[in-house]
């Protein structure tokens, strides 16, 4: 595995590159960083040049200045510049949660860089008929964070979106896992304070996406939850089918071998 740091406007992006072959960019969502994609990336690296990275303002990708309210478009610009830096040609892109929305914006504005996008359980609530309700929910989560701190806000968010959040970084865990969880806890504060409310205001360019290879995806264990509703609404808006992947919202982490097999099958089609 090779690592590097790329200077982009307002930040420095830490990234990792594995394998050889066509480019495959994995984009995180929420509080995750490149380390969470490592098990999946290792499995994909026998067929692809796999690129993972820490999103700006998170983990090992510091901003050049103080934190501020971020936008999906900035993160898509970072992905665009990273693909240009690595220079591996048009990429398959997998994005989870916020990362799926970053992938949508990257594809809409830089279609020459994306062969296909697997958009796994995006939080693109603007495609829902009750988007105003969800904006109110996420604003309430933010107010809980400001008043009571990270843990109560995360518990409320977990109930609303039916997603499990990472465990505490206990001392009995292996050092790399513990270090990742420590970074993720700091990232969750960044998410609540500077990303959540602005990211869910993102409106995907559906017209641009209809002319591209976009695969809306959902976890087989997700059930008829918030994430399913958004993924299904995206598929309907694009006039395509919703594809089922192993596991739930983070199936790519907990069932990475099955997930890699499904990715190969879907992209080979």
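Residue count for the range 102-114, restricted to those that are farther than 14 Å from residue 87 by Cα and either assigned to a strand (DSSP E or B) or in contact with a strand residue (DSSP E or B) (Cβ under 8 Å, 6 or more places away or on another chain) (or both): 5. For the range 78-89, check the following and say yes or no: at least one residue is over 19 Å from residue 243 (Cβ atoms), touching a residue at least 40 places away in the same chain (Cβ under 8 Å) and out of contact with any strand residue (DSSP E or B) (no Cβ under 9 Å at 6 or more places or on another chain). Within the range 78-89, not a single residue is over 19 Å from residue 243 (Cβ atoms), touching a residue at least 40 places away in the same chain (Cβ under 8 Å) and out of contact with any strand residue (DSSP E or B) (no Cβ under 9 Å at 6 or more places or on another chain).
A single entry from 145, 194 fulfils the requirement of being in a helix (DSSP H, G or I), modelled with pLDDT of 90 or more and in contact with a helix residue (DSSP H, G or I) (Cβ under 6 Å, 6 or more places away or on another chain): 145. For the range 60-68, the condition of being more than 13 Å from the chain's Cα centre (by Cα), touching a residue at least 12 places away in the same chain (Cβ under 8 Å) and buried (at least 24 other Cβ atoms within 10 Å of the Cβ) holds for none of the residues. With the condition kept exactly as written, say whether any residue in the range 16-26 is over 28 Å from residue 206 (Cβ atoms) and in contact (Cβ under 8 Å) with a residue 40 or more places away in the chain. Yes, the range 16-26 contains at least one residue that is over 28 Å from residue 206 (Cβ atoms) and in contact (Cβ under 8 Å) with a residue 40 or more places away in the chain.
Considering 81, 106, the condition of being in contact with a helix residue (DSSP H, G or I) (Cβ under 9 Å, 6 or more places away or on another chain) and modelled with pLDDT of 95 or more is satisfied by 106 alone. Of all residue pairs spaced 6 or more apart or on separate chains, none has beta-carbon atoms under 9 Å together with a first member in the range 211-240 that is on the phi > 0 side of the Ramachandran plot and at pLDDT 95 or above and a second member that is surrounded by fewer than 16 Cβ atoms within 10 Å (Cβ to Cβ) and in a loop (DSSP other than H, G, I, E, B).
So in the range 241-259, with the set limited to residues that are within 10 Å of residue 39 (Cα to Cα) and not in a loop (DSSP other than H, G, I, E, B), which one is modelled with the highest pLDDT? Ranking the qualifying residues of the range 241-259, first place goes to 257.
The values are calculated or read from the model by the stated rules, or taken from the named source; none is laboratory data. Computed from a prediction, not measured in an experiment: that's the story for all the values here. All Cβ positions, even for glycine, are placed from backbone atoms using ideal geometry, and neighbour counts span all protein chains on display.
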